[in-house]
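These notes concern the structure reproduced below.
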Amino acid sequence: MFGRIARRYDLLNTLMTFGQDVRWRSSVARSLPPGTARVLDVGTGTGRLAEAVLNGSGAKQVMGVDFTLPMLERAARAHLNVAAADALELPFNNAEFDAVVSAFVVRNLGSLERGLAEQARVLRPGGTLVILETTPGPTLPVLRLPYRLYFRYVVPVMGKLIAGDASAYTYLPESTLSFVEPHRLASLLEANGLSNVETRRFTLGCVAVTSARKPTVIQA
């Protein structure tokens with residue numbers, strides 16, 4: 001599905017979010033502390049988050065991985081460092097990265113728990129994990145119905161007109177509406193041994209940036 005919509009994916013993201021997606025990715029980049037040298041972008045897609053991290057943080061290297069080849073081809077054209085990989089079986093050693101980031105990925109994983117465990121595994125002690133993801137709805141209850149109507153009726157029409165794929169843009173909104181609330185995502189990160197979990201919500205609470213830290217192992 002993501003391969004089918006790769007050509008128009010970035011354009012539609014910008015249109016659907018009224019251009020706010022740029023701001024959200026910049027927030028991920030700013031979440032990385034000084035000294036973050038090597039970053040893994042899981043589910044990099046067309047590489048826009050990897051690019052934002054390279055331009056907006058002090059990272060020296062960003063590796064983007066995805067298993068949708070048409071997406072990766074577009075990221076490679078931007079001269080980003082990318083590789084084909086499965087988010088549930090990352091081909092990296094334990095504690096290999098100073099930071100692990102992702103954008104609009106974890107709600108699409110076949111196993112959220114396993115995907116988070118893999119991200120925690122490849123993160124070094126003291127490293128930072130940051131997830132940008134949509135939420136099931138705004139923080140204000142009065143806005144939840146308009147939010148659902150927009151996603152269920154307007155977004156598929158946009159997908160059909162611009163990407164020629166209404167089914168993909170029916171799945172994407174439904175995956176948002178059925179995803180876990182940010183507090184539940186925070187609990188799952190803590191269950192994987194991460195600490196200092198912090199959630200910042202944007203755009204009336206429709207999007208959240210969740211960050212966490214992998215504790216430093218203290219030798220006895």
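Pairs are defined by a Cβ separation below 7 Å, a sequence spacing of at least 6 or placement on different chains, a first member in region 142-163 that is within 12 Å of M16 (Cα to Cα), and a second member that is among the small types (G, A, S) and part of a helix (DSSP H, G or I); the pairs so defined are G159/A168.
In region 166-203, of all residues being polar (S, T, N, Q) and in contact with a strand residue (DSSP E or B) (Cβ under 7 Å, 6 or more places away or on another chain), the one that is nearest to N13 (Cα to Cα) corresponds to T176.
Determine, yes or no, whether Y169 is crowded, with 20+ Cβ neighbours inside 10 Å, on the phi < 0 side of the Ramachandran plot, at pLDDT below 95 and not basic (K, R). Judged against the criteria, Y169 is a match. Looking only at region 205-212, decide whether some residue is modelled with pLDDT of 95 or more, surrounded by 13 or more Cβ atoms within 10 Å (Cβ to Cβ) and of a type in the set (S, T, Y). So far as region 205-212 goes, yes, one or more of its residues are modelled with pLDDT of 95 or more, surrounded by 13 or more Cβ atoms within 10 Å (Cβ to Cβ) and of a type in the set (S, T, Y). Scanning region 172-198 for residues that are hydroxyl-bearing (S, T, Y) and surrounded by fewer than 17 Cβ atoms within 10 Å (Cβ to Cβ) returns S175, S178, S187, S195. Within region 141-164, restricting attention to residues that are among the small types (G, A, S) and surrounded by 13 or more Cβ atoms within 10 Å (Cβ to Cβ), the residue that is farthest from E181 (Cα to Cα) is A163.
The set of residues in region 170-220 being part of a loop (DSSP other than H, G, I, E, B) and closer than 26 Å to P156 by Cβ consists of S178, F179, V180, E181, C206. Listed by first and then second residue, the pairs linking a residue in region 56-68 that is in contact (Cβ under 8 Å) with a residue 60 or more places away in the chain to a residue that is in a loop (DSSP other than H, G, I, E, B) and surrounded by fewer than 22 Cβ atoms within 10 Å (Cβ to Cβ), with Cβ atoms under 8 Å apart and 6 or more places separating them unless they lie on different chains, are T68/F2; T68/G3.
Candidates R148, R184: the one that is in contact with a helix residue (DSSP H, G or I) (Cβ under 7 Å, 6 or more places away or on another chain) and either modelled with pLDDT under 95 or of a type outside the set (A, V, I, L, M, F, W, C) (or both) is R148.
Okay, residues lined up against (1) surrounded by fewer than 18 Cβ atoms within 10 Å (Cβ to Cβ); (2) in contact with a Ser or Thr (Cβ under 9 Å, 6 or more places away or on another chain); (3) small (G, A, S); (4) on the phi > 0 side of the Ramachandran plot:
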| site | (1), (2), (3), (4) |
| --- | --- |
| F2 | no, yes, no, no |
| D21 | no, yes, no, no |
| R38 | yes, no, no, no |
| G45 | no, yes, yes, yes |
| Q61 | yes, no, no, no |
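The test for being basic (K, R) and touching a helix residue (DSSP H, G or I) at 6+ places or on another chain (Cβ under 7 Å) holds for R4. Against the list (1) at pLDDT 95 or above; (2) out of contact with any Phe, Trp or Tyr (no Cβ under 9 Å at 6 or more places or on another chain); (3) under 14 Å from A99 (Cα atoms), the condition G58 fails is (1). Helices (runs of 4 or more DSSP H) fully within region 45-132 that include at least 1 residues being more than 16 Å from N192 (Cβ to Cβ) and in contact with a strand residue (DSSP E or B) (Cβ under 8 Å, 6 or more places away or on another chain): 48-56, 69-77.
The values are calculated or read from the model by the stated rules, or taken from the named source; none is laboratory data. As the structure is a computational prediction, the values presented were derived from the model and not from experiment. No Cβ is skipped: glycine too gets one built from the backbone with ideal geometry, and neighbour counts run over all protein chains shown.
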